[in-house]
Amino acid sequence: MAGENLAETYILIHTFLSSREHTKAAKAVKKAAKESKVVNIKSGIAPTINTSLEKIVLEWKELSTRVTELETSIEQLNGEIRDLKATHPADKRPRSPSVSSSSSSDCRS
């Protein structure tokens, strides 16, 4: 699975660079992919991947923004929890032992 993801990444980057006429960089990516034995990128063949590098980057940016928002919310909630604990300390009275069986005098008839 990881090899497939890496192969797709090489292909997407190669396609992205080739489509923008960055031929030297595209050739370097193609060579690196071949040398790593992950994938052999064939020139002129359209990738069979159903997405684009631009879409992946856009989704990544959106998710990164969302993660930051969630981390901020977590920090705020942790602060509220600390405040509540400070204003309402836990009941520290010792608990009485629970009575799980009746006394021996209750067992006699």
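Under a Cβ-Cβ cut-off of 14 Å, what is the net charge of the residues other than Leu53 that fall near it, where Lys and Arg count +1 and Asp and Glu count -1?
Combined, the nearby Lys, Arg, Asp and Glu give 0.
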Cross-link partners of Lys30 among aspartates and glutamates (Cα-Cα below 18 Å; sequence separation of 8 or more within a chain)
Glu4, Glu8, Glu21
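For every other residue with a beta carbon closer than 15 angstrom to the beta carbon of Thr72, add +1 if it is Lys or Arg and -1 if Asp or Glu, then tell me the sum.
Net of charged neighbours comes to -3.
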Near Lys34, which lysines are there with a Cα under 18 Å away, not counting those fewer than 8 places off in the same chain?
Lys24, Lys42
Could you go through the range 18-33 in sequence order and give the Karplus-derived ³J(HN,Hα) for each residue, using 6.51 cos²θ - 1.76 cosθ + 1.60 with θ = phi - 60°, rounded to whole Hz, and x for Gly and Pro?
5, 5, 9, 6, 8, 5, 5, 5, 4, 5, 5, 5, 4, 5, 4, 5
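FYI, it's all coordinate maths here, none of it is from the lab. This one's a predicted model, so the numbers in the text were calculated from it and none came from an experiment. Positions of Cβ are generated from backbone atoms using ideal geometry, with glycine treated the same way; all protein chains shown enter the neighbour counts.
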